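Read through the structure below, which is laid out as C-alpha cells, and then see the notes.
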Amino acid sequence: MTDRYAVFGNPIAHSKSPQIHAAFAAATAQDLRYEALLAPLDGFAGAVADFVAAGGRGANVTVPFKEEAFRLATRLSPRAARAGAVNTLVFSGAGILGDNTDGAGLVHDITRNLTVDLAGKRILLLGAGGAARGVIQPLLAEAPAALHIANRSADKAVALAQAFADLAAVSGGSFSDLAGLPFDVVINATSASLAGEPLPLPTGLFAPGCLAYDMMYGKGETPFLAQARLAGAARCADGLGMLAEQAAEAFLVWRGVRPATAGVLATLRAALAG
Ligand code: ATR
C-alpha cells in the first residue's frame, strides 16, 4: 500500500513541498503519496490525529504550527529539542517523533551546494525568532570560529545566545553592536523583508569573500541580498536551496535515503523566474 505523508500549515495552498517530495519519491523509486493539508488555526492537533488515523506515516509542519508540533510530539530528536520547534513528524506505534530538519537543510545548502566550509568561519545570524533558533545547533556543529546573533530587540539575541552557551561560544547583541566587526558568513533569519524594511547594517560587515545568505526566497533578488550585494558581499544566496535540503533531510528521516536535490532545485528556480 502506498505510504502517506503530508505538510500541515495555514495557509498551505502554495506550498512547494508536495512537488519536491513527489520528485524525490520518483527519483528514489519510493512508493509514497505526499499532500498539502490545511489545518484550522485552532485545530492542528485534531488534523494530525485524523491523518494518523487515516494511515499517515509522517508529516512536515510549517507556519504557524512548528511550536505546536513541538508540544504535540511524544519524543523529540536532540536537534528539535534545541530548536524548540518541529518541522518533521514521524508517526509509529511508539508515538509521535518530532524532528527539525531546517538547520541541517541550511548547513547542507551552504557547505555542499555552495561549497562554503563553515569550520573556522565568523558567522553572523540576523534575527532571534523561531527561524534563527532552529538553525543554531547545526551551525555550531560545523565548528565555526564564532557565532554572533544580532537582533532588533537585543535582549532576545542575548537570551538566545545564552540558551546555546553550553555548546560553544555564542554571543548576542543589537545591530549597532556590529560596527567594526567583519564576518565571513552573514545569514538573515529575520522577517524584516516581509515588512519591506531594510536592516540597519553597519558598513564593513562583510569580510572579503563573505557569503550573504537569506533564509527567505522569492521572485528575483530578496531585499536583504540586494542590501548585502551593495554593501560588498562577495557571494549571495537565497533560501530556495535550504527549502529543498530541509525536505531531503525529512525524506531521509522517513525513508532512510537522502535524495539528490539539484534537479528539483533547478525546477523550482525556473518556476520562480518564470
Ligand atoms: P520567525 O519564526 O520567522 O523567526 P519570529 O519568531 O516572529 O518569526 O521572529 C521574527 C524575527 O525577525 C525577529 O528576530 C524580529 O526581531 P524582534 O525580535 O526585534 O521583533 C525580526 N524582525 C521582524 N521585523 C523586523 C524589522 N523590520 N527589522 C529588524 N528585525 C525584524
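Return VAL86, VAL158 ranked ascending by Cβ neighbour count within 10 Å, so the fewest neighbours appear first.
Least to most surrounded, the residues fall as VAL158, VAL86.
With coordinates expressed along the principal axes, the C-alpha atoms belonging to the chain extend over 59, 39, 33 Å, beginning with the largest. Among MET242, MET216, MET1, a tally of other beta-carbon atoms within 10 Å of each Cβ gives an order, fewest to most, of MET1, MET216, MET242.
Listed by chain and number, the aspartates and glutamates whose C-alpha is less than 18 Å from the C-alpha of LYS156, apart from same-chain residues fewer than 8 away, are GLU67, ASP166, ASP177. Footprinting exposure proxy ranking of SER17, SER77, fewest other C-beta atoms within 10 angstrom first, gives SER77, SER17. The gain in end-to-end length when the LEU41 to THR115 segment is fully stretched comes to 22.7 nm, 0.36 nm per residue minus the alpha carbon separation. Partners of LYS16 within straight-line reach, counting aspartates and glutamates whose Cα lies under 14 Å from its Cα and excluding those fewer than 8 residues away in the same chain: GLU35, GLU245. Note on ALA169 and ALA260: with the Förster distance fixed at 41 Å, the Cβ-Cβ geometry gives a FRET efficiency of about 0.70.
Over the Cα atoms of region 103-238, the radius of gyration divided by the Kirkwood radius equals 0.92; this is the Rg/Rh ratio.
The distance between label points at ALA13 and ALA231 comes to 3.6 nm (points 7 Å beyond Cα on the Cα→Cβ vector). For region 85-92, 3J(HN,Hα) computed residue by residue from phi via the Karplus equation (6.51, -1.76, 1.60; θ = phi - 60°) reads 7, 10, 10, 9, 10, 10, 9, 8 Hz, glycine and proline entered as x.
Every number in this text was worked out from the coordinates using simple rules, so none of it is lab data. Worth saying up front: this structure is predicted, and the values here are computed from it rather than measured. Here the Cβ is made from the backbone with ideal geometry for all residues, glycine too, and neighbour counts use every protein chain on show.
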